Amino acid sequence: MSRPRWFFFLVALLTSPWVLFAQTARPKLIDAHIHHNGDPAFLQKLVAKLDAMDGLALLITAPKDLKSVTSVISQHPNRLICLGELQLDDPVAVSLVDRFHEAGCRGLGEITSALYNYDDRRYWPIYERAEKYGMILLFHTGIVNRPDPTIPTDISVDRMRPTTLDAIARRFPKVTIIGAHLGNPDYAWAAEMARWHPNLYFDLSGSSLIKKQDDPTFWKSIFWWSGVVSPHTPAGGPHAFEKLVFGSDVFNGELEEFDRELDRYHKMLDACGVPKAAQENIFGGTVWRILSPK
């Protein structure tokens, strides 16, 4: 029996990642920064871990893995959400944003290693398209690793400073930006921009919490403005530490880093006396509100 055209439209709508997400309850934990290594076995291990803790992960997915990842997401919509991996200098970057959106990805990332500063106007059409779709933009900020020093590369951390996100946050106010690594080591710059930009957040993944593990209250000097009443601070804003979201930066399939980073976050936030309500937002509430239908 032939089906009317509206039937297929309805099926597609009800099975889309956007609708499935809207039907799920808020998880206990959201990891806003996990890299898929292309191995299907990793996805199964990740889903099992998320099931055990009632977690949700924003999974950074390369175009070549998009079909397989979205297939897994359709089976576990309450555990995985796609972030499309994109290079700003890719000549088909704008159309790739369309492709990621059509596949149900809710953002782009981890954006890194650009040939020009992140705020260069060459990249504005990409950000405009992301803003049209209400996407999250996850940027690498600060120092970057060098896996093989014998290979010449055109990479400069100067192009990836957290200050390059300032103009993007101002020019594209409907885009939510997450800067990975809190601009390591430009923490103060990163936090000061997040203080004024309601659409800018950072994660503290990477080496920073290891570097400062013997001085965890250092971060109170970075996120200093809670409860400060002044013309120089945003009025009625959330706790200063709520400009952080949790991100583990798991890559190369090393899922053990998830637990290590989660432990580092908890120790730092507890040492800094961050209230329970603020911690709940850091570990999921903030990202959940960003993802939820407006």
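For the range 133-151, name all the residues that are part of a loop (DSSP other than H, G, I, E, B), surrounded by 10 or more Cβ atoms within 10 Å (Cβ to Cβ) and of a type in the set (A, V, I, L, M).
The answer is Met135, Ile143, Val144.
Can you tell me which of Ser71, Ser113 is among the polar types (S, T, N, Q), out of contact with any Asp or Glu (no Cβ under 6 Å at 6 or more places or on another chain), closer than 28 Å to Pro185 by Cβ and at pLDDT 95 or above?
Selected residue: Ser113, the only one of Ser71, Ser113 that is among the polar types (S, T, N, Q), out of contact with any Asp or Glu (no Cβ under 6 Å at 6 or more places or on another chain), closer than 28 Å to Pro185 by Cβ and at pLDDT 95 or above.
Can you name the number of the only condition in (1) closer than 30 Å to His266 by Cβ; (2) modelled with pLDDT of 95 or more; (3) surrounded by fewer than 14 Cβ atoms within 10 Å (Cβ to Cβ) that Ala25 fails?
It is condition (2) that Ala25 fails.
Give the number of residues within the range 217-264 that are assigned to a loop (DSSP other than H, G, I, E, B), of a type in the set (S, T, N, Q) and in contact (Cβ under 8 Å) with a residue 12 or more places away in the chain.
Going residue by residue through the range 217-264, those that are assigned to a loop (DSSP other than H, G, I, E, B) are 223-239, 246-249, 251-255.
If we keep only those that are of a type in the set (S, T, N, Q) too, we end up with 226, 230, 233, 248, 252.
Narrowing further to those that are in contact (Cβ under 8 Å) with a residue 12 or more places away in the chain: 226, 233, 248, 252.
Total satisfying the criteria: 4.
Test each condition in (1) among the aliphatic types (A, V, I, L, M); (2) farther than 21 Å from Ser292 by Cα; (3) at pLDDT 95 or above for Val11 and report the one that comes out false.
For Val11, the failing item is (3).
Each row is one residue, and each column tells you yes or no for (1) touching a strand residue (DSSP E or B) at 6+ places or on another chain (Cβ under 7 Å); (2) more than 22 Å from Ala180 (Cβ to Cβ); (3) modelled with pLDDT of 95 or more.
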| position | (1), (2), (3) |
| --- | --- |
| Ile30 | yes, no, yes |
| His35 | yes, no, yes |
| Ala52 | no, yes, yes |
| Leu58 | yes, no, yes |
| Gln75 | no, yes, yes |
| Glu85 | yes, no, yes |
| Leu88 | yes, no, yes |
| Ala103 | yes, yes, yes |
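I want to confirm something. Restricting to the range 200-225 and keeping residues that are polar (S, T, N, Q) and surrounded by fewer than 17 Cβ atoms within 10 Å (Cβ to Cβ), which single residue is farthest from Phe246 (Cα to Cα)? Steps first, answer last, please.
Applying the first criterion (polar (S, T, N, Q)) to the range 200-225 yields 205, 207-208, 213, 217, 221.
After this cut, where a residue has to be surrounded by fewer than 17 Cβ atoms within 10 Å (Cβ to Cβ) as well, the list is 207, 213, 217, 221.
Numbers: Ser207: 14, Gln213: 17, Thr217: 18, Ser221: 19 Å.
The extreme case among them is Ser221.
Can you tell me which condition Pro125 does not meet? The list is (1) surrounded by 16 or more Cβ atoms within 10 Å (Cβ to Cβ); (2) more than 30 Å from Glu256 (Cβ to Cβ); (3) of a type outside the set (Asp, Glu), and all the others hold.
Of the numbered conditions (1) surrounded by 16 or more Cβ atoms within 10 Å (Cβ to Cβ); (2) more than 30 Å from Glu256 (Cβ to Cβ); (3) of a type outside the set (Asp, Glu), the odd one out for Pro125 is (1).
In the range 205-227, how many are closer than 18 Å to Glu256 by Cα and in contact with a His (Cβ under 7 Å, 6 or more places away or on another chain)?
Residues that pass the stated criteria total 3.
The values are calculated or read from the model by the stated rules, or taken from the named source; none is laboratory data. What you are looking at is a predicted structure, and each value in this text was computed from that prediction instead of being measured. Reconstructed Cβ throughout: ideal geometry from the backbone, glycine too, with neighbour counts over all protein chains shown.
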